[in-house]
Structure formats: C-alpha cells, structure tokens
Amino acid sequence: MARTWDEPGWERALAEQLAAGVPVSDARLDRLFGPDLLRLAGLHFTPLAVAARAAAWLTAGGAAEVCDLGSGAGKFCLVGAATTPARFTGIELRPGLVQVARQAARRLGLPRAQFVQGDLRTVPLDRYQAFYVYDPFSEVEAEPDERLDPFVPTQDRAADVAALLGRLEAAPPGTRLAIYCGLGGPEPRGWRLAARTPMDERGDLLDCWIR
C-alpha cells in the first residue's frame, strides 16, 4: 500500500520512488521544505522534471561530482542524488536555506546530497565536473514577500553575473553545464551549446553546454 503524505517514513518512500523512476509530483516533494517556502516553490524552485533531466544529462558524461551554484533550498541536488549515482553539492550564500536543504537531505536519506554555505565568487570549484545554474541572482529583484529568505544580498547584479561567468570560463575542457531560465546575463564564453529544450508551456529553457 502506498504511503500517505503524513504517514511516518513518507520521506524515505519518496526518495525510493524518485530512484525507481516512479512519477512524483512537485507538490509532494516541495512539502519537505515547509509551508513558508512551499508557497514560493513555483517562483524559485526547479521543477522536478527539469531537475531530473538536467541531472541525467550532467552525469551522462561521467561526472561524479556535480555542483548547483546558488542552490537555495536544495531541490535540484536532492533530485540529482536520488536519481543518479553522482554526488551533488549545493552552494548557497544564505545559511538559513543551507540548513533547510541539509534537513531535507537527512529526511530523504540522501547522503550524496550535500550543502555548503559559501559565496559563488570565492568558493573552490576544482572538484566538480559538472554544474547547474538556475538564474541565481533574480531573487534580488523580487518583492520582499516573494523571497525565500529575508537575507538577499543587495550587490550589483551585473557584477555578480560577471563574476559567475568568470568562474565558469575557468572550468577545464569537458566540464558540463546545465542552465535553466538563463544566467541573467551573457552566455558563457568558450562553451558549446549541446542542447536547448523548452521545458513548459511558458517556454522556459533548459540549456546544456560543454566546455
């Protein structure tokens, strides 16, 4: 018998379903993050179908270490760790969201989903063979009641995008990169676009690049 949302152990059952390729709704997965974040999931969380497709493509090239640059509450890494054999690390500046992500990983029983509090400008990236980015600086422009965390850095968005592009352009050949809904700036130089797929009726794009 299938577990209900409120039955003890539903989180581990959810992780098992993800691993087995059983269809799971975004609403059910997003419930892990609590009511305050759940109401904003449609604005800021990667849809499950996008996360699964991006994770599969990033690891298809043999990547054992995948990094989500600006991971928020950690949904992409959780899906990636549940559906592929790779280790997924989320880097997020806001410590409150890092704690939410770590708690969700524990509840799902996903030790290969890890989360680090750090600045995208300076955190070491050498260990990763693949990266995921979901328009990481757009939340700065959201209304206060549409932000995942009250602490949103008020830095120069153009400078932030330029710094991120600089980190990506330093990646070694063969590195893979998936971008959902753009970077909020120019496309990365020195990367080859391998695929571009509309993921919903709005036409939001998942771009797959190879260095």
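The values are calculated or read from the model by the stated rules, or taken from the named source; none is laboratory data. These figures come from a predicted structure and were not determined experimentally. Note that each Cβ is placed from the backbone with ideal geometry, even for glycine, and that neighbours are counted across all protein chains shown.
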Requested in this report: Specify the residue that is surrounded by the most Cβ atoms within 10 Å (Cβ to Cβ); the eligible residues are those in the stretch 69-94 that are out of contact with any helix residue (DSSP H, G or I) (no Cβ under 8 Å at 6 or more places or on another chain) and hydrophobic (A, V, I, L, M, F, W, C).
Outcome: Ile91
Query raised in the report: Just checking, how many residues over the stretch 126-153 are part of a loop (DSSP other than H, G, I, E, B) and either loosely packed, with under 12 Cβ neighbours inside 10 Å or not acidic (Asp, Glu) (or both)?
Result: 14
Query raised in the report: Of the residues Asp126, Asp149, which single one is of a type outside the set (A, V, I, L, M) and within 30 Å of Gly9 (Cα to Cα)?
Result: Asp149
Query raised in the report: Hey, does the stretch 197-206 have a residue that's touching a strand residue (DSSP E or B) at 6+ places or on another chain (Cβ under 6 Å), among the β-branched types (Val, Ile, Thr) and over 16 Å from Gly61 (Cβ atoms)?
Result: yes
Report task. Name every residue in the stretch 95-125 that is buried (at least 19 other Cβ atoms within 10 Å of the Cβ) and assigned to a helix (DSSP H, G or I), in order of residue number. Result -> Leu97, Val98, Val100, Ala101, Ala104, Ala105, Leu108
Query raised in the report: Residues in the stretch 66-82: is at least one more than 14 Å from the chain's Cα centre (by Cα) and at pLDDT 95 or above?
Result: no
Query raised in the report: Leu97 is checked against (1) closer than 21 Å to Ala51 by Cβ; (2) at pLDDT 95 or above and fails just one. What number does that condition carry?
Result: (2)
Query raised in the report: So which residues in the stretch 54-63 are surrounded by 13 or more Cβ atoms within 10 Å (Cβ to Cβ), assigned to a helix (DSSP H, G or I) and hydrophobic (A, V, I, L, M, F, W, C), if there are any at all?
Result: Ala54, Ala55, Ala56, Trp57, Leu58
**Report entry** Failed item, numbered, when Phe76 is tested on (1) in a helix (DSSP H, G or I); (2) among the aromatic types (Phe, Trp, Tyr); (3) more than 21 Å from Asp149 (Cα to Cα)
**Finding:** (3)
Query - Matching residues, the stretch 162-211, being at pLDDT 95 or above, buried (at least 16 other Cβ atoms within 10 Å of the Cβ) and assigned to a loop (DSSP other than H, G, I, E, B) - result: Ala171, Thr175, Trp191, Arg211
Requested in this report: Hey, could you check the stretch 105-118 for residues that are in contact with a Pro (Cβ under 9 Å, 6 or more places away or on another chain) and not polar (S, T, N, Q) and say which is nearest to Arg28 (Cα to Cα)?
Outcome: Ala105
**Report entry** From Ala113, Ala159, residue being among the aliphatic types (A, V, I, L, M) and modelled with pLDDT of 95 or more
**Finding:** Ala113
Query raised in the report: Are there any pairs, at least 6 apart or on different chains, whose C-beta atoms fall under 7 Å, with the first in the stretch 35-51 and in contact (Cβ under 8 Å) with a residue 24 or more places away in the chain and buried (at least 20 other Cβ atoms within 10 Å of the Cβ) and the second outside any loop (DSSP other than H, G, I, E, B) and small (Gly, Ala, Ser), and if so, which?
Result: Ala51/Gly80
Requested in this report: Report whether or not Val66 is surrounded by fewer than 16 Cβ atoms within 10 Å (Cβ to Cβ) and part of a strand (DSSP E or B).
Outcome: no
Report task. Looking only at the stretch 157-165, decide whether some residue is in contact (Cβ under 8 Å) with a residue 12 or more places away in the chain, within 21 Å of Thr122 (Cα to Cα) and of a type in the set (Val, Ile, Thr). Result -> yes
